[in-house]
Amino acid sequence: MLGFLKEPVVVTVEINMNVMVLTLMGLISRLWGLSYPRAVVFDEVYYGQFVSLYMKRIFFVDDSGPPFGHMLLALGGYLGGFDGNFLWNRIGAEYSMNVPVWSLRLLPALAGALCVPLAYQILVELQFSHCAALGAALLILLENSLITQSRFMLLESILIFFILLAVLSYLKFYNLQKHSSFSGSWWFWLLLTGVACSCAVGVKYMGLFTYILLLTIAGLHFWHVIGDQNLSNVSLMYHFLARGLALIIIPVAMYVSFFYVHLTLLYRSGPHDQIMTSAFQASLEGGLARITQGQPLEVAYGSQVTLRNVLGKPMQCWLHSHTNTYPIRYENGRGSSHQQQVTCYPFKDVNNWWIVKDPGMQQLVVSNPPRPVRHGHIVQLVHGITTRYLNTHDVAAPLSPHSQEVSCYIDYNISMPAQNLWRVEIVNRETDTDVWKTILSEVRFVHVNTSAVLKAIFFHFQLSGASLPEWGYRQLEVVGEKLSKGYHQSMVWNVEEHRYGKSLEQKEREVELHSPTQMDISKNLSFMAKFTELQWKILTLKNEDTEHKYSSSALDWITMDTNIAYWLHPTSSAQIHLLGNVVTWASANVAALVYMCLTLWYLIRRRRKIYDIPEDAWQLWVSAGGICVGGWAVNYLPFFGMEKTLFLYHYLPALTFQILLIPIVLQHISDHLCRSVLLKSMFTALIVAWFSSVYFAYCTFSPVTYGEPSLSVTELKDLRWKDSWNILIRKQ
C-alpha cells in the first residue's frame with residue numbers, strides 16, 4: 001500500500017533561460033530609479049486625481065474609458081499606504097512625503113517589463129527562430145518611448161501588456177489545438193485569452209481593437225475546424241461553445257465585474273455625481289442622499305416637489321420660477337405674454353419647489369390617505385412661493401420662436417385664458433397604471449390644450465448658449481415643444497426632492513418649503529441600473545476637446561515628427577520626453593512596407609502558379625502578418641476617424657505590433673531571399689551593424705528617457721534630430 005514511498009518523488013522543472021534573462025533585463029530597465037523624479041509627470045496629474053478619489057471612496061466618472069486601469073493604479077497606491085491627500089493640480093509639483101511614488105508607479109513598470117519576454121514568446125509561438133524572437137524582445141527592451149511610458153503612473157504599458165498577453169495566449173491555444181484539444185493546457189490558454197482581452201478593454205477602449213482582431217482570427221480558424229471531416233457534429237458544437245464561453249461570455253462578464261468593483265469601492269458622493277441621475281446620486285453616501293433620505297416614494301396630489309431635468313448636461317438644472325415677468329417686447333421686436341418667467345435653474349433654490357395639484361380640487365395639501373398620481377393623470381403644477389400655475393400657450397418662446405412660451409399664469413383680465421393642465425407621462429413605466437415615484441420615475445409633462453411637451457433648452461444652434469438675457473438672470477430657457485416625437489432627455493424630468501404638503505396657509509407653506517423631510521422610504525438602485533447609466537455616461541459624456549501644446553495628428557506618429565515633454569527639472573536642464581528610438585521606428589516602417597510589397601509580389605506570382613517559397617513558409621508568413629500587420633492596422637487606422645485630442649502615446653500599441661514585424665521580415669529575407677552563403681553572411685553583418693545603431697540611439701536618448709543625467713545646452717541641441725521636436729532649453 002505504501003510502496004510508492006520506496007522511490008523518491010522527483011519534480012522536473014524546465015527553465016527557459018532566455019525568458020528569465022529577458023525578464024530580468026526588462027525589470028532593470030523599467031524599475032531602475034523608479035521614484036525619480038519625485039514630482040508629478042505629465043498625465044500623472046490626471047490619473048492621480050482618480051487614485052486619490054479611490055483612496056477616499058469618492059465616486060467619479062472618467063469619460064476616457066472603463067475603470068479597470070484606474071483601479072490597478074489605485075491598487076499601487078493602496079499597497080503603498082497612500083491616503084489620497086495630495087493636490088493634483090500642476091505638472092512638476094513636488095510630491096509630499098505621504099505619496100508613495102515608487103508604489104504608485106510600480107504596476108505600470110512591471111507591465112512594461114513583462115512586455116519584453118512576452119514579445120519573445122509570441123515570435124516563438126509564431127514558429128520563428130529563437131534568434132528572431134530574441135531580436136523582437138531586445139527591440140522592445142531598447143524602445144525609449146515604451147520605457148518612458150511604463151515608468152510613470154500611466155495606462156499605456158498596462159494596456160500593451162494585456163494586449164500582448166492576449167495574443168500570446170491565443171497563439172498557444174491555437175498551437176495546442178492541433179494535437180491536444182480540450183486538454184487542461186488547451187482550456188487554460190483559451191480562457192486566459194478571453195481574460196486578457198477583457199482586461200485590455202477594461203484598461204482602455206483601445207483594447208477593443210485587438211480584441212476584435214483576435215475574434216476575427218479565431219473565427220477564421222474555426223471556419224477551418226468546421227472543414228475537418230474527422231470531427232463529429234457534437235465535437236464541432238463543443239468547440240463552438242468553448243470558444244463562445246471563453247472569448248465572449250467570460251470577457252463580457254469580467255468587464256461588467258470591473259464596474260461592480262468600481263461602484264462598490266466608490267460609495268461616497270463627490271463632485272462628479274452631479275452629471276448622474278437623481279436616482280444614482282441618491283444611492284451614494286452623502287450629497288443628494290443626505291437631502292433625499294426619508295422622502296415619500298409616491299408622488300400624490302398635494303406633494304411638494306423639485307423637478308430636475310434628466311439630461312443634466314452641460315449642467316444639471318431644476319424647473320424654476322420667480323416673480324419677474326417676461327419683457328413686453330424682446331430685443332428683436334417680438335412681443336411676449338408678459339407672464340411670470342419660468343426657467344431651468346442650475347442651483348438648488350426655494351423657487352425650485354412646485355406643488356402637484358388636482359385640477360378638480362382647491363386644496364394644496366396631501367389628503368389622508370394620500371392619493372397617488374399615476375401615468376396619464378391630469379395635474380396642475382403650482383409654483384410653491386408665488387402660487388401661480390405652470391402655463392403655456394400659443395406665444396413664441398423668447399429664444400426659441402418655433403416653440404411655445406412657458407410661464408406662470410397671471411390673470412391680466414384680457415383675452416388670454418389660463419391653459420394650465422398637464423398630463424403626466426411616465427417614460428420608464430412598466431405598466432400604464434404605474435404610480436409617479438420620487439427619483440425613480442422619469443416623466444414628461446404634456447400640455448392638454450396644445451400637446452406641447454415641457455422642455456429645457458440647453459443649446460441653441462443660432463446662439464453660443466441657451467441662457468436667457470439679463471432680464472432672465474442668465475438662466476436656461478424652458479419651452480413647450482410642439483414637435484414632441486420621441487423621448488429626448490431634455491423633455492424628461494424626475495422628482496428629486498419631495499415632501500407631503502401639510503400647510504393650508506401660504507405663510508406656513510413657505511416655511512414648510514424650507515424644512516427637511518422626515519418620512520423614511522428607501523430608494524435603492526440596482527447594480528445593473530447603475531452600471532447601465534454609468535456605461536452610457538462614459539460613452540456619451542465628452543469633455544470639450546481643446547488644442548494641447550503637445551497634441552498631434554495620426555500622420556505625425558509614423559515618422560515621429562512630434563514629441564511630448566513630460567517633465568522639466570525646476571532648476572537644472574534635466575528633463576523627460578516621450579521620444580522613441582529613431583532607428584527602431586524607421587526600421588518598423590521599412591519592415592511594414594517590405595512585408596506588404598513582398599506579400600503582393602507573392603500573391604501575384606501564386607496567381608500565376610509560381611511558388612517562390614514553400615507552402616509552410618507561406619502560411620507562416622501570412623499568419624505572422626495577420627497578427628503583426630493586422631495588430632498595427634487596427635490599433636492605428638481608427639485614429640483617423642476620431643474626433644478627439646490625440647497624442648503620440650496613442651500610437652504605442654500599434655508601434656509594438658510593428659516592432660514585432662521587424663525580426664519576422666529579417667528572418668524571412670535571410671531564409672528565403674539570401675540564396676548563397678555569401679549573401680547570408682553579408683546580411684548577418686548588416687543586421688549586427690543595424691542592431692548596433694539601435695543600441696546607439698537608445699543610449700543617445702536615455703538622458704531624456706530616464707531624466708538623468710542633466711545635459712548641457714549643446715548636448716540638448718544635439719538631441720534635436722528633427723526640427724519639429726520640442727527639446728526644452730532654458731534661457732541663459
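Only aspartates and glutamates eight or more places from LYS313 in sequence, or on another chain, were considered; those with a Cα closer than 18 Å are ASP62, ASP63, ASP273, GLU442, GLU477, GLU496, GLU533, GLU544, ASP545. Helical runs assigned H by DSSP (4 residues or longer) give the chain a calculated mean residue ellipticity at 222 nm of -14000 deg cm²/dmol, each run adding -39500 (n - 2.57) before division by the residue total. Solvent-accessible surface of the chain, taken per residue with a 1.4 Å probe and all protein chains present: 46 Å². Over all alpha-carbon pairs in the stretch 361-409, figure out the percentage whose distance exceeds 18 Å. Cα-Cα pairs of the stretch 361-409 separated by over 18 Å account for 50 percent. Along its principal axes, the stretch 296-505 has C-alpha extents of 51, 36, 30 angstrom, given from the largest down. Dipole orientation for the chain: of the candidates GLY227, SER451, ASN494, GLY227 has the Cα lying most toward the positive pole (charges on Cβ; Lys, Arg +1; Asp, Glu -1). When the stretch 318-405 is described by a simple charge dipole with +1 on each Lys and Arg Cβ and -1 on each Asp and Glu Cβ, the residue from TRP354, SER367, TYR330 located farthest towards its positive end is SER367.
For LYS502, the aspartates and glutamates whose Cα falls under 12 Å of its own Cα, not counting residues fewer than eight places away in the same chain, are GLU510, GLU512.
With kT/(6 pi eta Rh) evaluated at 20 °C and eta = 1.002 mPa s, and Rh the Kirkwood radius from Cα pairs, the stretch 548-731 diffuses with a coefficient of 114 µm²/s according to Stokes-Einstein.
From the largest down, the stretch 105-164 spans 35, 20, 13 angstrom on the principal axes of its Cα atoms.
Here the translational diffusion coefficient of the stretch 601-688 follows from Stokes-Einstein with Rh set to the Kirkwood radius across Cα pairs; for 37 °C and 0.692 mPa s it amounts to 214 µm²/s. For LYS717, which aspartates and glutamates qualify as cross-link partners when the Cα separation must be under 20 Å and same-chain residues fewer than eight apart are set aside? By straight Cα distance, LYS717 reaches ASP561, GLU708. Take VAL10 and VAL713, extend 7 Å from each Cα along the Cα→Cβ direction, and tell me the distance between the two endpoints in nm. For VAL10 paired with VAL713, the spin-label model returns 7.2 nm. Dipole magnitude for the stretch 603-732: about 420 debye, using +1 per Lys or Arg Cβ and -1 per Asp or Glu Cβ, origin at the Cα centre. Calculated FRET efficiency, LEU75 and GLN535, Cβ-Cβ r, R0 25 Å, to nearest 0.05? Calculated value: 0.70. As a fraction of the 1.4 Å probe accessible area of the chain, surface on carbon and sulfur atoms comes out at 62 percent.
When the pairs LYS357/LYS437; LYS172/LYS680; LYS56/LYS549; LYS56/LYS644; LYS644/LYS722; LYS204/LYS644 are compared against a 22 Å limit on Cα-Cα distance, LYS172/LYS680; LYS56/LYS549; LYS56/LYS644; LYS644/LYS722 fall above it. Under 5 Å between amide hydrogens, built in the peptide plane, is the criterion, and for VAL342 it picks out CYS408 among residues at least 5 positions away or on other chains. What are the trypsin sites (Lys or Arg not before Pro) within the stretch 126-198 that DSSP puts in a loop, where the Cβ has at most 12 other Cβ atoms within 10 Å? Passing sites in the stretch 126-198 are LYS178. Note that the chain shows a convex hull volume over its alpha carbon atoms of 271 Å³ per residue. Mind checking which of ILE147, GLY207, VAL594 is farthest towards the positive end of the chain's charge dipole, using Cβ charges of +1 (Lys, Arg) and -1 (Asp, Glu) about the Cα centre? My answer, from the dipole projection, is VAL594. For the pair TRP187 and ASP556, the difference between a 0.36 nm per residue extended length and the Cα-Cα distance amounts to 128.6 nm. In a reduced charge model with +1 at each Lys and Arg Cβ and -1 at each Asp and Glu Cβ, the stretch 296-505 shows a dipole moment near 100 debye about its Cα centre.
The Cα-based radius of gyration and maximum Cα-Cα distance (Dmax) for the stretch 32-134 are 17.0, 51 Å.
Evaluated with a Cβ-only charge set (Lys, Arg +1; Asp, Glu -1), the chain carries a dipole of roughly 580 debye about its Cα centre, given to the nearest 20. Once the Cβ-Cβ distance of SER526 and GLU285 is raised to the sixth power relative to R0 = 25 Å, the FRET efficiency obtained is 0.90.
The values are calculated or read from the model by the stated rules, or taken from the named source; none is laboratory data. Predicted, not measured: the structure shown is a model, and the values here were computed from it. All Cβ positions, even for glycine, are placed from backbone atoms using ideal geometry, and neighbour counts span all protein chains on display. Calculation scope for accessible area: heavy atoms of the full protein, side chains included, ligands and nucleic acids excluded. Shrake-Rupley method; radii C 1.70, N 1.55, O 1.52, S 1.80 Å.
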